[in-house]
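**Q** Structure in structure tokens, see below.
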Amino acid sequence: GKHETGCPPVVKMLNGYLYVRRCGGVAGGQSEEALQKLAVIVKDEKVNEIIVESNFGDGMFNQLFLPVLSKIHSVTMSKVRHNTQKERRIIDVLEPVMNQHRLVMDKKVIQKDFDSCQHLPPEQALRYQLMYQLTRITADRGALTNDDRLDALAMACQYCVDAMAQDVEVRMGARREELVVTELD
């Protein structure tokens, strides 16, 4: 329908930093065409695992997406269920990551986010954009009309939180050592 499916925000981690490679939305909700677009993105970005919020539809998205995805790219899918206020959950995940400057967003992500909404009337386009959602969220229930893109980004970041519990300098030093050993070999 008029809803969009949050494009899987492709978040990759290196040395305790999260790099947002893609984030946006695919118009058409859960239509066959929208699911195919998502599957192509998953393949292009060589995604290893997809996390899907099961609250809406009780896992129906997984059942719709798996057949489409299996034709294009083999990947693990897992479900997450939330039972806390959405706005507080999003802020609780993103605020510490952003305060420590560990969320790195490619400027192409921001441009594509902007471009993806240009087919909408200007008053609606803003509400769908990730940057708009990110800069307007508050802890108040219903703070945003649309929060799908930001919610999907928060879920991806939450998944990486445990892996981020590492000292960046130690990880970078270990990586340098690995490269030196590889070169010497």
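The values are calculated or read from the model by the stated rules, or taken from the named source; none is laboratory data. From a predicted model like this one, the values you see are computed outputs, not experimental measurements. Cβ coordinates were reconstructed from backbone atoms using ideal geometry, including for glycine residues, and neighbour counts include every protein chain displayed. We work out accessible area using only protein heavy atoms, side chains counted, and drop any ligands, DNA or RNA first. Shrake-Rupley method; radii C 1.70, N 1.55, O 1.52, S 1.80 Å.
**Q** Average the reciprocal distances over every distinct pair of alpha-carbons in region 78-130, invert the result, and give the Kirkwood radius in Å. Walk me through the numbers before you get to the answer.
**A** On the way: mean 1/r = 0.0738 Å⁻¹.
By the Kirkwood definition, the hydrodynamic radius is 13.6 Å.
**Q** Lys/Arg Cβ at +1, Asp/Glu Cβ at -1, dipole of the chain taken about the Cα centre: which of L94, P67, C117 is farthest positive-ward?
**A** After comparing all options, I get C117.
**Q** Could you check the simple spin-label distance between K43 and T135, using points 7 Å along Cα→Cβ, in nm with one decimal?
**A** 3.6
**Q** Run the quick spin-label model on S31 and M172: label points 7 Å from Cα toward the beta carbon, then report their separation in nm to one decimal.
**A** Computed distance between label sites S31 and M172 equals 4.6 nm.
**Q** Still on this structure: Please give the contour-minus-distance gain from V80 to K108: 0.36 nm per residue of separation, less the Cα-Cα distance, rounded to one decimal in nm.
**A** Numbers: separation 28, 0.36 × 28 = 10.08 nm, distance 2.84 nm.
Roughly 7.2 nm would be gained on extension.
**Q** Additional query: If amide hydrogens are placed 1.01 Å from N in the peptide plane, which non-local residues have theirs closer than 5 Å to the one on E53?
**A** V80
**Q** Pull up all non-local amide H partners of G24: gap of 5 or more, or a different chain, and H-to-H distance under 5 Å with H placed in the peptide plane.
**A** Here C7 satisfy the definition.
**Q** Dividing the convex hull volume of the Cα atoms of the chain by its residue count, what figure in Å³ per residue is obtained?
**A** Working: hull volume 25.0 nm³, N = 185.
Convex hull volume per residue, Cα atoms: 135 Å³.
**Q** With the radius of gyration and the Kirkwood radius both derived from the Cα set of region 81-165, what is their ratio Rg to Rh? Working shown, then result.
**A** Working: Rg = 13.3 Å, Rh = 13.7 Å.
Expressed as Rg/Rh, it is 0.98.
**Q** Under a cut-off of 23 Å between alpha-carbon atoms, report the lysines in cross-link reach of K79, not counting same-chain residues fewer than 8 places apart.
**A** Partners within reach: K12, K37, K43, K46, K71.
**Q** With the Cα gyration tensor of region 27-116 giving a ≥ b ≥ c as the square roots of its eigenvalues, does the rule (a/c under 1.5 for rounded; else a/b larger than b/c for prolate; else oblate) give rounded, prolate or oblate? Can you show the working numbers first?
**A** Details: a/c = 1.86, a/b = 1.28, b/c = 1.45.
Note, shape of region 27-116 comes out oblate.
**Q** Tell me, in nm to one decimal, what length is gained between E183 and R88 on full extension, where the rule is 0.36 nm per residue of separation less the Cα-Cα distance?
**A** Values: separation 95, 0.36 × 95 = 34.20 nm, distance 4.71 nm.
Answer, rounded to one decimal: 29.5 nm.
**Q** Looking at region 56-144, which trypsin sites (Lys or Arg not before Pro) are DSSP coil and have at most 10 other C-beta atoms within 10 Å of their C-beta?
**A** On the way: sites: K71, K79, R81, K86, R88, R89, R102, K107, K108, K112, R127, R136, R141; in loops: R81, R102, R141.
When the trypsin sites (Lys or Arg not before Pro) of region 56-144 are filtered for loop state and at most 10 Cβ neighbours within 10 Å, R81, R141 remain.
**Q** Can you work out the accessible area per residue across the chain, with the rest of the protein chains kept in place, probe 1.4 Å, in square angstrom? Numbers along the way, then the final one.
**A** Working: 11370 Å² over 185 residues.
Heavy-atom SASA per residue in the chain reads 61 Å².
**Q** So what is the 222 nm mean residue ellipticity for the chain from helices alone, if each DSSP H run of at least 4 adds -39500 (n - 2.57) and you divide by all residues, rounding to the nearest 500 deg cm²/dmol? Let's see the in-between values first.
**A** Working: 8 runs with 97 residues, N = 185.
Only helices count here, giving -16500 deg cm²/dmol.
**Q** Which of the aspartates and glutamates could a cross-linker bridge to K107, judged by Cα under 14 Å and excluding same-chain residues fewer than eight apart?
**A** Cross-link targets: D115.
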